[in-house]
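S.K.: Provided herewith is a single structure, encoded as structure tokens, for subsequent inquiry.
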Amino acid sequence: MKKKKTTKKAAKRPIKKNSAKALRNSGRDLREQVVFLLKGGGAHVHFMDALDDFPAAKYGTFANSLPHTGWQLLEHARLAQWDILDFSRNPKHVSPNFPDGYWPKTPAPANEAAWKESVAAFQRDLEEMVHLVRNPRTDLFAKIPHGQGQSILREALLLADHNSYHLGQLVDLRRALGAWQES
């Protein structure tokens, strides 16, 4: 087998590197794609679409053979999201005990105000994660100093994945309860 000859000129040709502007643009593009994933939409409805107009009389209702109520799914998503967000920015964060600390104790909220408070907290924490990801001073790839190899990017993707999973459960529950308007 013959070896292909390379000239010294070809061997010393520099590898073209991305410009600083291209790297900044790709970093901004990555941040916006992660934000889009966190906020939802695209391939599915937004998380808030599944919560808006959820009938108060059905917050604590089980349907068919589905394992959770709307309240349980909302509170679980809120608690897990808070845990991921707080871990991402607080070196003194302590996660709840798993799995009990991630689920409400009752199938229904104490009242409608508790539901609304949970929805507001969910929205606030989601916006806080979006702000963290959008902040150009946040190094998305750096290991979180108090973690075990996690990065902000990994935590944001984990949050988006977790929220979309439970979003599907909320939509299925609402369909089973006859409380979902198909569009």
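S.K.: Rounding to the nearest 10 and keeping the result within 0 to 90°, find how far the Cα-based axis of helix 152-176 lies from the longest principal axis of the chain.
M.R.: The angle comes out near 40 degrees.
S.K.: Can you send over the carbon and sulfur percentage of the accessible area for the chain, probe radius 1.4 Å, protein chains only?
M.R.: With neighbouring chains kept in place, the figure for the chain is 54 percent.
S.K.: About its Cα centre, what dipole magnitude does the chain give when the only charges are +1 on Lys and Arg Cβ and -1 on Asp and Glu Cβ, stated in debye to the nearest 20?
M.R.: Charge dipole, the chain, about its Cα centre: 2740 debye, nearest 20.
S.K.: How large is the convex hull of the C-alpha atoms of the range 36-123 per residue, in Å³?
M.R.: It comes to 121 Å³ per residue, whole-number rounded.
S.K.: Taking Cα atoms, how many degrees apart are the long axis of helix 112-134 and the longest axis of the chain, rounded to 10 and kept between 0 and 90?
M.R.: Value to nearest ten degrees: 10.
S.K.: Right, here's the next one. Going by average Cβ neighbours within 10 Å, how do the peptides 47-55, 140-148 rank, with the highest at the top?
M.R.: Averaged packing, sorted descending, gives the order 47-55, 140-148.
S.K.: Read phi for every residue in the range 78-92 and hand back ³J(HN,Hα) as whole Hz from Karplus 6.51 cos²θ - 1.76 cosθ + 1.60, θ = phi - 60°, with x for Gly and Pro.
M.R.: 5, 5, 5, 5, 4, 4, 5, 5, 5, 4, 5, 10, 10, x, 9
S.K.: Could you calculate, for the chain, the ratio of the Cα radius of gyration to the Kirkwood radius, expressed as Rg to Rh?
M.R.: 1.18
The values are calculated or read from the model by the stated rules, or taken from the named source; none is laboratory data. On a predicted model such as this, the values are computed, not experimentally measured, just so you know. Reconstructed Cβ throughout: ideal geometry from the backbone, glycine too, with neighbour counts over all protein chains shown. Only protein heavy atoms, including side chains, enter the accessible area calculation; ligands, DNA and RNA are left aside. Shrake-Rupley method; radii C 1.70, N 1.55, O 1.52, S 1.80 Å.
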